[in-house]
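See structure below.
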Amino acid sequence: MTEKNPWRYGPTRGELWFWLWVSAGGLALTGVALAVRGIPTGPAIAEVVGLAGVVFGYLGGRSIKRLIRREHP
């Protein structure tokens, strides 16, 4: 029986680098928006800081983890 790559259907190395740069850019733009407009008050902070941080943080963290572990085809 031949060994098959368990990551053959996952994102390629190029896609992981792309998502890493997208997440870094998104976090940078969020930081710029906070610096220019100030930190929002009330429930807007959950949307601006929370959701953007979770989405871009997850994408960046997942990409870094998979690149380091070589979990890509």
field: Portion, in percent, of the accessible area of the chain that falls on carbon or sulfur, probe 1.4 Å
entry: 68
Table column - 3J(HN,Hα) (Hz), region 4-11, Karplus curve with 6.51, -1.76, 1.60, x for Gly and Pro: 10, 5, x, 9, 5, 9, x, x
- request: Using the Karplus curve 6.51 cos²θ - 1.76 cosθ + 1.60 with θ = phi - 60°, work out ³J(HN,Hα) for each residue of region 53-61 in order, rounded to whole Hz, and write x for Gly and Pro.
  value: x, 5, 5, 6, x, 5, 4, x, x
- request: Please work out how much length the chain gains when fully extended from Val36 to Val54, using 0.36 nm per residue of separation minus the C-alpha to C-alpha distance, in nm with one decimal.
  value: 4.4 nm
query: With every protein chain present, what is the per residue accessible area of the chain (1.4 Å probe, Å²)?
result: 76
query: Where q = 0.12, 0.15 Å⁻¹, what log10 of I(q)/I(0) comes from the Debye formula for the chain, counting one point per Cα?
result: -0.44, -0.59
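The values are calculated or read from the model by the stated rules, or taken from the named source; none is laboratory data. Every value quoted in this text rests on a predicted model; they were computed, and no experiment measured them. Keep in mind that these areas ignore ligands, DNA and RNA; they rest on the heavy atoms of the full protein, side chains included. Shrake-Rupley method; radii C 1.70, N 1.55, O 1.52, S 1.80 Å.
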